[in-house]
Amino acid sequence: MGDWGGQASSHGQDGDVDHRLLFLAVPTPVLVLDTRLVIVEANQAYLTATMRSRGELVGRPVFDAFPDNPDDPSASGVSMWGSSLRRVLSERVTDVMAIQKYDIPRPGGGFDTRYWSPANAPVFGADGELRWILHRTEDVTAFMQAHQGDSPALDELNAELRTRTEQMAAEVFARRELQQQNETLHALLDSLDTAVVGCDSAGLPVLFNDGAHQLFGHLLDGVPVDRWAQHRAVFHPDGRPMRDEELPLVRALRGERVRDTEVVIRAHAAPRRYFRANGRPVTGQPGLAAVVALHDVTLHRRAARYKECELEIARLLSKLSPPDQLLVQLVEVIGRMAGWAAVELWTVDDVAQILRRATCWAEADYDLPHPMPDPLRYGQGIPGRAWQTANPVWAANLHTDPDAAQQTADWGPLRAALAIPVPSGSVILAVLICYSDTTETPDDARTVIMAGIGAQIGEFLVRRRAERLAAELDQSRDEYIALVGHELRTPLTSVQAYTEVMLDDPDTTEDQRFMLEVMRRNTTSLHGIVMKLLDVSGMRAGHIDLNLQPMDLAAVVHAAVDAARESSAADVTIEANTPPTTPLRADPHRLRQVVDELLANALTWAAPGSTVGISLHSDPHSATLAVSNTGNRIATDERDRLFDMFFRSDTARHSGIPGTGLGLTIARTIIEQHGGTITVSEPDEAATTFTIRLPVAAGSRSPSSGPVMIGR
């Protein structure tokens with residue numbers, strides 16, 4: 001039997017069994033075809049029924065050996081048989097055909113009218129691939145002619161044929177009814193948007209529709225269902241891989257009823273799909289032991305996940321945790337709950353007018369490419385594009401997207417991205433980037449939901465800043481009106497004037513003069529406080545002129561250092577590290593005031609014998625000045641209040657260290673009037689460092705920045 005017969009031998013309990021002899025001796029006509037529909041073997045019953053020899057059939061295409069009768073215009077044997085064989089090849093299932101009129105050639109010429117009851121079945125090799133097709137047929141010519149009133153045929157029937165005809169009648173009509181039921185069932189199953197799979201007692205797929213074929217593909221070609229998890233990524237809803245024995249169809253095959261079990265299936269390079277599985281064992285149906293239906297609930301599940309994500313974000317943003325810590329938690333929540341492979345948050349640097357990566361998160365095995373450019377310019381890369389357009393930006397394929405190419409050429413396992421601007425009105429504060437590990441089709445629903453999340457983040461950032469500024473401004477206003485406006489300024493002026501008059505009186509005694517000197521010192525100190533208050537108030541209201549001009553910040557720093565070295569009595573060394581020049585456009589008098597304040601503060605708190613460091617460096621966008629000292633660390637609960645008006649630490653008050661609590665407030669106001677920022681290091685760091693960042697060109701702003709208040 002050639003290659004087909006070579007794989008068909010096996011051993012029984014009583015000795016070797018020759019399967020070839022068994023096949024040849026089967027009383028039912030059987031023909032074996034390969035997948036090219038070439039005849040590879042025929043048993044004796046088939047050769048007898050078709051009046052052909054084995055040599056006339058083996059090796060020939062089946063329709064060359066059995067063509068339609070050219071004298072019968074209505075002949076459809078080739079067409080009907082061909083359709084059935086193609087169904088077996090494409091769907092890997094047995095196809096039972098209706099009774100066919102298929103004339104066969106006579107040995108002496110011409111065609112003999114015949115009626116057949118055929119069935120075609122797939123045969124799979126050990127590797128699970130379809131190797132052959134068994135064509136089993138039965139000659140029912142006598143039965144059909146008897147029912148058509150063919151008298152010559154009736155005369156030829158003997159008693160044995162009549163008996164057989166009666167037995168076959170029930171089988172023929174049952175097959176016809178089964179064929180119709182099968183066709184109806186297949187049409188019904190293929191029309192469903194639910195994947196349906198059934199298997200036999202050995203776990204081999206025997207029933208499936210188009211939806212199942214699209215989902216499982218080659219697994220339906222003879223791969224036992226208890227090995228599917230080895231070929232397809234199947235997960236529990238919480239992300240745990242599903243073991244073979246946990247698969248719904250395997251559970252049904254064990255006799256378990258499966259109800260509303262949620263599974264996640266992911267084909268290669270395809271998005272995750274969520275299914276609700278229902279299955280049960282099947283009894284009383286030969287060849288079918290279990291069936292399961294999987295309903296795609298991906299859209300519903302995604303909508304529910306995004307809703308849960310929005311609620312969790314709202315809960316996070318209502319907490320009083322530090323903003324940086326909240327943002328780290330935020331991107332992880334978005335990634336895990338919304339199903340993204342990686343998430344980044346880029347914040348807009350108002351000083352340098354660039355984007356900086358604030359934080360990022362990535363699922364295991366989906367790390368972001370390294371290195372990638374950071375910072376990004378206005379309009380550069382996917383984040384820069386979203387900043388520039390102030391609209392969501394889809395990169396459906398990172399490997400072909402021109403904006404993505406500006407960041408890196410190798411995105412690793414990441415395939416697509418969605419960039420969401422984080423707004424505050426018309427101002428963009430940050431950009432949220434969500435990455436997918438599959439190529440995406442831009443989705444309006446997801447875009448809208450993610451834009452809503454971006455708006456939530458923007459509201460949080462604005463609210464935190466507004467709360468801080470509102471509290472600070474309220475406090476400043478109340479203190480200024482109560483202290484300066486009515487209760488201090490006018491009486492202080494009178495006290496100073498009369499003190500000077502009394503000191504000029506030649507009749508003043510030494511004791512009196514001593515007391516008057518104390519009064520003058522204290523009133524002078526109070527006058528300084530009043531002037532600082534007026535300075536701060538004027539700066540914040542925009543009523544203080546800044547004399548912006550080209551200047552050298554390095555020269556200002558060195559002048560302040562020299563003055564501090566001469567005036568300081570503390571056992572502290574001052575070391576300056578600056579470039580030869582640092583040109584920028586600013587007010588040199590006001591910046592000297594800031595540097596003096598920071599140096600004085602550092603010298604006050606530096607440990608004896610330590611070193612106060614001041615460093616300066618710049619890039620094309622901004623200049624950075626840092627003043628650091630070692631000594632008493634800033635208490636955690638006092639750090640956020642350092643720049644508040646009149647704030648003095650417990651240590652300063654209890655140690656009798658002089659001060660007004662206004663110096664750092666004024667320093668910050670001056671820096672912010674220049675469009676810069678001033679920050680302080682974290683409490684747990686070894687050194688306390690105040691860092692100033694100034695734009696190289698003061699007053700330069702992008703459309704996303706507010707106005708700089710200079711002058712009246």
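The values are calculated or read from the model by the stated rules, or taken from the named source; none is laboratory data. Computed from a predicted model, the values in this text were never measured in an experiment. Because the Cβ atoms are built from the backbone with ideal geometry, glycine has one as well, and the counts that use them run over all protein chains shown.
The table below lists the values:
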{"item": "Number of positions in the stretch 220-253 that are in a helix (DSSP H, G or I) and under 28 Å from the mean Cα position of the chain (by Cα)", "result": "6"}
{"item": "Candidate set: the stretch 343-385, residues that are out of contact with any Leu (no Cβ under 8 Å at 6 or more places or on another chain), under 19 Å from D238 (Cβ atoms) and part of a loop (DSSP other than H, G, I, E, B); chosen: the one modelled with the lowest pLDDT", "result": "D365"}
{"item": "Some residue of the stretch 661-684 being at pLDDT below 85, assigned to a loop (DSSP other than H, G, I, E, B) and crowded, with 17+ Cβ neighbours inside 10 Å", "result": "yes"}
{"item": "Pairs where the first residue, in the stretch 230-253, is closer than 19 Å to Y274 by Cβ and among the aromatic types (F, W, Y) and the second is at pLDDT below 85 and part of a loop (DSSP other than H, G, I, E, B), C-beta under 8 Å, 6+ apart", "result": "F235/R272"}
{"item": "Contacts under 6 angstrom Cβ, first residue in the stretch 310-328 being outside the structural domain of W361 (by TED's automatic domain parsing), partner aliphatic (A, V, I, L, M), 6 or more apart", "result": "none"}
{"item": "From V26, V32, V62, V58, residue being touching a Phe, Trp or Tyr at 6+ places or on another chain (Cβ under 6 Å) and over 13 Å from P105 (Cβ atoms)", "result": "V32"}
{"item": "Scan of the stretch 523-554 for residues that are outside any helix (DSSP H, G or I) and either at pLDDT below 75 or of a type in the set (G, A, S) (or both), ordered by number", "result": "G542, H543, I544, D545"}
{"item": "Set A430, A409, A451: member being farther than 20 Å from V348 by Cβ, assigned by TED's automatic domain parsing to the domain that holds D367 and either aliphatic (A, V, I, L, M) or touching a Cys at 6+ places or on another chain (Cβ under 9 Å) (or both)", "result": "A409"}
{"item": "Residue in the stretch 320-342 that is part of a loop (DSSP other than H, G, I, E, B), of a type in the set (S, T, Y) and within 30 Å of T636 (Cα to Cα) present", "result": "yes"}
{"item": "Selected residue (only one of S567, S618 is out of contact with any Lys or Arg (no Cβ under 7 Å at 6 or more places or on another chain) and free of Cβ contacts under 8 Å to residues at least 24 places away in the same chain)", "result": "S567"}
{"item": "One residue from W411, W394, W340, W361 being hydrophobic (A, V, I, L, M, F, W, C), within 22 Å of D443 (Cβ to Cβ), crowded, with 16+ Cβ neighbours inside 10 Å and touching a Gly at 6+ places or on another chain (Cβ under 6 Å)", "result": "W361"}
{"item": "Residue within the stretch 98-110 that is touching a strand residue (DSSP E or B) at 6+ places or on another chain (Cβ under 6 Å), aromatic (F, W, Y) and part of a helix (DSSP H, G or I) present", "result": "no"}
{"item": "Residues (β-branched (V, I, T) and either within 18 Å of I671 (Cβ to Cβ) or touching a helix residue (DSSP H, G or I) at 6+ places or on another chain (Cβ under 6 Å) (or both)) located in the stretch 573-590", "result": "I574, T578, T581, T582"}
{"item": "The listed residue being more than 30 Å from R302 (Cα to Cα), assigned to a helix (DSSP H, G or I), at pLDDT 80 or above and hydrophobic (A, V, I, L, M, F, W, C), out of V462, V484, V495, V448", "result": "V495"}
{"item": "Residue check for E472: modelled with pLDDT of 85 or more and not small (G, A, S)", "result": "no"}
{"item": "Candidate set from the stretch 114-130 (those that are touching a residue at least 40 places away in the same chain (Cβ under 8 Å) and assigned to a loop (DSSP other than H, G, I, E, B)); member that is farthest from D95 (Cα to Cα)", "result": "A126"}
